[in-house]
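Below you'll find the structure, written out as structure tokens, and then a few comments.
Read the figures in this text as sums done on the coordinates, not as results from a lab. Everything numeric here is computed off the predicted structure, so don't read it as measured data. Positions of Cβ are generated from backbone atoms using ideal geometry, with glycine treated the same way; all protein chains shown enter the neighbour counts.
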Ligand SMILES: [Zn+2]
């Protein structure tokens, strides 16, 4: 998961990647089609709304991460968690 994993699209869209650019979750969302993006936004809301702890959680950042990985999006749970908790630079 080093810099050379960035896609051509990402490089073109972020000439200054260190300048507090939008997080990887946002990048992945921008690559989705409208239907997937809508579903993903809903999933993020579900993760935010799920107040369960540990294994009692149905929707979690680690679940979301594993779904993304399954579909070829390489991202870490901490990045997803940062986005879900609003600690990233997206909003
Ligand atoms: Zn974000």
Next item on the list: Would you calculate the separation in nanometres between label points at residue 26 and residue 10, each defined as 7 Å from the Cα along the Cα-to-beta-carbon direction?
Entry: 1.4
Check: If you line up the long axis of helix 34-49 against the longest principal axis of the chain, both from Cα atoms, how many degrees apart are they, to the nearest 10?
Finding: 50
Margin query: What is the angle, in °, between the Cα long axis of helix 61-70 and the longest principal axis of the Cα atoms in the chain? Nearest 10 is fine, range 0 to 90.
Written below: 60
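Given contacts defined as C-alpha pairs under 8 Å and at least six residues apart, what's the relative contact order of the chain, whole-number percent? Intermediate results must be reported in sequence, preceding the final value.
Values: 58 pairs, mean separation 29.9, N = 91.
Relative contact order of the chain: 33 percent.
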Next item on the list: Go from 0 up to the bin containing the longest alpha carbon distance in the chain, width 5 Å each, and give me the % of pairs per bin.
Entry: 2, 13, 23, 27, 18, 10, 4, 2, 0
